[in-house]
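Colleague: This is the structure, below, for whatever I ask next.
The values are calculated or read from the model by the stated rules, or taken from the named source; none is laboratory data. Just so we're clear, the structure is a prediction, and the values are computed from it rather than from any experiment. Positions of Cβ are generated from backbone atoms using ideal geometry, with glycine treated the same way; all protein chains shown enter the neighbour counts. Just the protein is used for accessible areas: all its heavy atoms, side chains included, with ligands, DNA and RNA removed. Shrake-Rupley method; radii C 1.70, N 1.55, O 1.52, S 1.80 Å.
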Amino acid sequence: MRLIYLIPLALFLFFAGVAGYQLTQPKDVNIPSQMIERELPDFALEPALEGMPGASRADFIGGKPKLLNIWASWCVPCIAEAPHLERLRQEGVEIIGVAVRDRPEAVEGFLARYGNPYTRIGADDISELMLEIGASGVPETYVIDAAGNIRYQHIGDIRENHVEMLLEKLEEAA
Amino acid sequence: MIAELGHAALWLATALAVLQMVGGALGLRNGNEAIVALTRPAAVVQAFLATLSFLLLLYAFAITDLSIKLVATNSHSMKPFIYKLTGTWGNHEGSMLLWVAVLALSGGLLAGLERRLPEKTMSATLSVQGFVALGFYSFLLLSSNPFERLPVPAGEGSGLNPLLQDIGLAIHPPTLYIGYVGLSVAFSLCMGALITRQVTPDFAKVMRPWVLAAWVFLTFGITAGSYWAYYELGWGGWWFWDPVENASLMPWLAATALLHSVSVLAARDALRTWTIMLGVLAFSMSMLGTFLVRSGVITSVHAFAVDPERGSFILALLGLYIGGALVIFAMRAGYIAEGKRFTATSREGALVFNNVMLSAILAIVLLGTLYPVFTEVFDVRVSVGPPYFNPASAIFAIPMFMVMAVGPLLRWKDDKPARIQFEVLLLASIAITVIALVAFFGSYDILPLLGLAFAAALGVASLLPLRGRKLSRVPTATWGMVMAHFGVAVALFGMASESAFTSERLAAVSSGGQEQVGEWTIELQSVDPIAGPNWTAIEARIIATRGDGDGVLLTPQARNFWAPTQATSESALLTTWDGQLYAVIGDQAGVDANGNPRWQLRVWWKPFVTFIWYGGLMIAFGGILSIIGRLQVDLKRRSVTKRGNQRREDAAALAGGTAPEPAE
């Protein structure tokens, strides 16, 4: 056996050793959101349906920290999160909604069916706010403190086990 | 029922792989004839069962069977039908099932069709193929069962990564897989030949079509993948040296070297150990790619489900197959004589040189891809990108292109450099002229400049083997080589033009605003919301005008998918004969003086960028021509032998005796 023929094997064993070691190491998978601790951009949205006020940056200033919930009547996960938003409202959280690319009658129908946890709903017809605060889709929920800063971003629908966590985040933001 | 049937078929196929492995091994030792005789049928039936299993999963995706966990987590009832189907392999489990189905199919084809190899070599080959298949079946069944049921059927699926909802993804992974797995057959054949010490030109002839076919699929897969990344990701680039891209490039580089070396072995009985080594290397690179993509050892922009448990499984398989193969190689390589000799200035010499260059580029890519894994051991996080890969691979690519231009002009075994003096001077003057012209009209970076020069010289050089021959009599395989080499020149021209001449414009534009990109005038007409089946988007209407020509409408979109939620960018492309205009719409960037919204607009004019992929397709097509050419030769030879045998039999019958043994 000539030594030269052992070189590939030696190289491979070295690689396998390192790769094996790496596999046993814990991976840091948390990617901190870009939006945390940034100021909520200035915006003013028309009401999404008659009889309810629209939403603007000023609505978040002062008082207690609030939730900004981006949703749409055409969004299926938004149906799933509706009861949990309702629970948050019962816990005394003020939720300001932003309906993305929606029609007033569809918004009205959705709220009649799945409940209305919002104090205000702005109409974001061209995804203006959505793009500006870096939302990648609907639904998304932001914790905004009384000074108008984004403190936490929750991507996707709010599930039952997220309610406690969001309440804690609101507490922290106070 | 469907899930259970698919699952059962997979288990049965696994059992047959065991039979094939044991039967093949017994064939080496003159063991139980009855079991040995079962290995070929075992491989064929296994191919049928594994394919059936895959088709059943495909069906479950087609009807969105939400009682199957995999369907529920990767599909959605409201997804367009075509993407329900492609969703089958748009996830780890499904793609692994596709992988084993292709593996079993190629094993079945080999067992069913191949009759030229010595029986012992064939036994060893089938045994190894069974062993390889067994590992992947176990991986599927023990750690990534695609047919797992949910305790309660889901009400709705959670969708498919929107980036994967694209027709490019319908073709790209299956083609690559066929390529990867075709290399597994080459691997098994190499091991079979190594174990029985039958590394002969005949063995190389058996292996060549498999390597060629695998290489054609890899070439096509990489070309399609590159174009997909180019238009779908919206960043305007066509190659990023991302680990996942490298994972497909590395087997291609090894297969390209193997392809040339196996041809030398088939035609000249030289390079025996080198060919075996490349056969092991090519499949190793396929497996390494799988490992890197699925283990989570390397983070990549491609969002694959990663899992250390699966990573450990693949690493174990790697150790078993590659480690095992390298042990056998170390033990046996010394017993294989090196074959016929040749001088440096010969066709073989040029091929060996380019083989070494390809291997060096492979080493560069491998090192760059694995480097972050190594440094992370010391808690240093680095990412290696184009600033390393481009110049480092160019160092070896430049001499490779030079030798590639003259290699096919050289004679086998021994040649005088003086004989091709004229051609060398012609090519050199073409290259120098191009450099002078381009440098005269503008100053460009050294690599694109060299790229343009080599592309021109190589384009001419690849046609030279046809010179002075009657074109109708040139063998198809030679046409294949000419086409593939010309394709390399075309692709190189595209790459060099793209990096030398691209103009780019990033601007915030409000409706009615105009921008200038290269020779093009871009006018943003409007930005409107639109909706698709499972997404909403903003769409920009852009009119692009070149000189005094008519305006062309471009409509790039920024899409938001909501199952799952994700934003993607749909670039708009305008293709002309001499390049592509590429437009992407970004976020809103404030308002202009009149209070109208301004939009981030990114536009590139990329001269001749499409030549990159035309070149890729030509290379793949050259490979197809080569396969056809080889098959033609084989068929002709077979019919000649048959006619010969028939004549001998006739003569014997006339003489009243018995026919002599037919010569095969």
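Colleague: If only one of B:G311, B:G339 is modelled with pLDDT under 85 and facing chain A (nearest Cβ under 7 Å), which one is it?
Modeller: The conditions single out B:G311.
Colleague: Open to solvent by 50 Å² or more (accessible area, probe 1.4 Å) and within 14 Å of another protein chain (Cβ to nearest Cβ), is that true of B:D548?
Modeller: Judged against the criteria, B:D548 is not a match.
Colleague: Moving to a separate point now. Any idea how many residues of the stretch B:424-448 are closer than 24 Å to B:A491 by Cβ, open to solvent by 20 Å² or more (accessible area, probe 1.4 Å) and not in a loop (DSSP other than H, G, I, E, B)?
Modeller: Number of matching residues: 16.
Colleague: Could you grab me the full set of residues in the stretch B:171-217 that are charged (D, E, K, R) and part of a helix (DSSP H, G or I)?
Modeller: Residues satisfying the conditions are B:D202, B:K205, B:R208.
Colleague: Give the residue, chosen from B:A392, B:A325, B:A363, that is farther than 27 Å from B:T273 by Cα, open to solvent by less than 60 Å² (accessible area, probe 1.4 Å) and modelled with pLDDT of 85 or more.
Modeller: Just a single option satisfies the conditions, and that option is B:A392.
Colleague: Just to confirm my filter: which strands (runs of 3 or more DSSP E) fall fully inside the stretch B:465-549 and include at least 1 residues that are without any contact (Cβ under 8 Å) to a residue 12 or more places away in the chain? So that I can check it myself, show each step before the final result.
Modeller: On the way: elements: B:503-510, B:514-517, B:520-531, B:535-546.
By residue number, B:514-517, B:520-531.
Colleague: Test B:V100 against the stated conditions and say whether it is open to solvent by 10 Å² or more (accessible area, probe 1.4 Å), in contact with a Phe, Trp or Tyr (Cβ under 9 Å, 6 or more places away or on another chain), closer than 21 Å to B:G24 by Cβ and not hydroxyl-bearing (S, T, Y).
Modeller: Criteria not met by B:V100.
Colleague: Restrict the check to the stretch B:31-44 and report whether at least one residue is outside any helix (DSSP H, G or I) and within 30 Å of B:R197 (Cα to Cα).
Modeller: There is at least one residue in the stretch B:31-44 that is outside any helix (DSSP H, G or I) and within 30 Å of B:R197 (Cα to Cα).
Colleague: So for the stretch A:103-121 (the condition being buried (at least 21 other Cβ atoms within 10 Å of the Cβ), within 22 Å of B:A537 (Cβ to Cβ) and touching a Lys or Arg at 6+ places or on another chain (Cβ under 8 Å)), does at least one residue qualify?
Modeller: no
Colleague: Of the residues in the stretch B:532-545, how many are more than 35 Å from the chain's Cα centre (by Cα) and open to solvent by 50 Å² or more (accessible area, probe 1.4 Å)?
Modeller: 1
Colleague: So which residues in the stretch A:122-165 are closer than 29 Å to B:Q588 by Cα, outside any strand (DSSP E or B) and away from chain B (no Cβ under 14 Å)?
Modeller: Those that are closer than 29 Å to B:Q588 by Cα, outside any strand (DSSP E or B) and away from chain B (no Cβ under 14 Å): A:D145, A:A146, A:A147, A:G148.
Colleague: Check off (1) within 14 Å of another protein chain (Cβ to nearest Cβ); (2) open to solvent by less than 30 Å² (accessible area, probe 1.4 Å); (3) at pLDDT 90 or above for B:V373 and give me the number that stays unchecked.
Modeller: Exception for B:V373: condition (3).
Colleague: Does the stretch A:81-119 hold any residues that are closer than 21 Å to B:P529 by Cα and in a loop (DSSP other than H, G, I, E, B), and which are they?
Modeller: Selection gives A:R101, A:D102, A:R103.
Yes or no, residue by residue, for (1) crowded, with 23+ Cβ neighbours inside 10 Å; (2) among the basic types (K, R); (3) touching a Gly at 6+ places or on another chain (Cβ under 6 Å):
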residue: B:V71; (1), (2), (3): yes, no, no
residue: B:G87; (1), (2), (3): yes, no, no
residue: B:G108; (1), (2), (3): yes, no, no
residue: B:G112; (1), (2), (3): no, no, no
residue: B:Q129; (1), (2), (3): yes, no, yes
residue: B:A154; (1), (2), (3): no, no, no
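Colleague: Still on this structure, I have one more. Test B:G644 against the stated conditions and say whether it is open to solvent by less than 30 Å² (accessible area, probe 1.4 Å), at pLDDT below 85 and part of a helix (DSSP H, G or I).
Modeller: Taking the combined requirement at face value, the residue satisfies it.
Colleague: Could you list, in sequence order, the residues of the stretch A:37-90 that are in contact (Cβ under 8 Å) with a residue 40 or more places away in the chain, acidic (D, E) and within 14 Å of another protein chain (Cβ to nearest Cβ)?
Modeller: If the condition is that a residue be in contact (Cβ under 8 Å) with a residue 40 or more places away in the chain, acidic (D, E) and within 14 Å of another protein chain (Cβ to nearest Cβ), then A:E81 is the only one that fits.
Colleague: So, one more: Just one of the numbered conditions (1) at pLDDT below 80; (2) surrounded by fewer than 21 Cβ atoms within 10 Å (Cβ to Cβ); (3) not hydroxyl-bearing (S, T, Y) is not true of B:Q516; which one?
Modeller: B:Q516 satisfies every listed condition except (1).
Colleague: Being within 19 Å of B:E348 (Cβ to Cβ) and either at pLDDT 90 or above or aromatic (F, W, Y) (or both) is the filter here; which residues of the stretch B:411-423 pass it?
Modeller: B:W412
Colleague: On the given criteria, is B:A330 within 14 Å of chain A (Cβ to nearest Cβ), buried (at least 19 other Cβ atoms within 10 Å of the Cβ) and without any contact (Cβ under 8 Å) to a residue 12 or more places away in the chain? Steps first, answer last, please.
Modeller: Numbers: within 14 Å of chain A (Cβ to nearest Cβ): yes; buried (at least 19 other Cβ atoms within 10 Å of the Cβ): yes; without any contact (Cβ under 8 Å) to a residue 12 or more places away in the chain: yes.
For B:A330, the condition - within 14 Å of chain A (Cβ to nearest Cβ), buried (at least 19 other Cβ atoms within 10 Å of the Cβ) and without any contact (Cβ under 8 Å) to a residue 12 or more places away in the chain - is met.
Colleague: Any idea which residue in the stretch B:550-568 is farthest from B:A72 (Cα to Cα), counting only those that are modelled with pLDDT of 80 or more and part of a loop (DSSP other than H, G, I, E, B)?
Modeller: This residue is B:D550.
Colleague: So for the stretch B:334-345 (the condition being open to solvent by 60 Å² or more (accessible area, probe 1.4 Å), more than 17 Å from B:V262 (Cβ to Cβ) and part of a helix (DSSP H, G or I)), does at least one residue qualify?
Modeller: Yes, the stretch B:334-345 contains at least one residue that is open to solvent by 60 Å² or more (accessible area, probe 1.4 Å), more than 17 Å from B:V262 (Cβ to Cβ) and part of a helix (DSSP H, G or I).
Colleague: Is the stretch B:570-580 home to any residue that is within 14 Å of chain A (Cβ to nearest Cβ) and open to solvent by 20 Å² or more (accessible area, probe 1.4 Å)?
Modeller: No, there is no match, as no residue in the stretch B:570-580 is within 14 Å of chain A (Cβ to nearest Cβ) and open to solvent by 20 Å² or more (accessible area, probe 1.4 Å).
Colleague: With B:P556, B:P529 as the choices, which residue is within 14 Å of another protein chain (Cβ to nearest Cβ) and either open to solvent by less than 10 Å² (accessible area, probe 1.4 Å) or not basic (K, R) (or both)? Show your work before the answer.
Modeller: Details: B:P556 fails: within 14 Å of another protein chain (Cβ to nearest Cβ).
Residue meeting the stated conditions: B:P529.
Colleague: Would you confirm whether any residue within the stretch A:96-115 is more than 14 Å from every other protein chain (Cβ to nearest Cβ) and under 17 Å from A:H162 (Cα atoms)?
Modeller: Checked the stretch A:96-115: no residue is more than 14 Å from every other protein chain (Cβ to nearest Cβ) and under 17 Å from A:H162 (Cα atoms).
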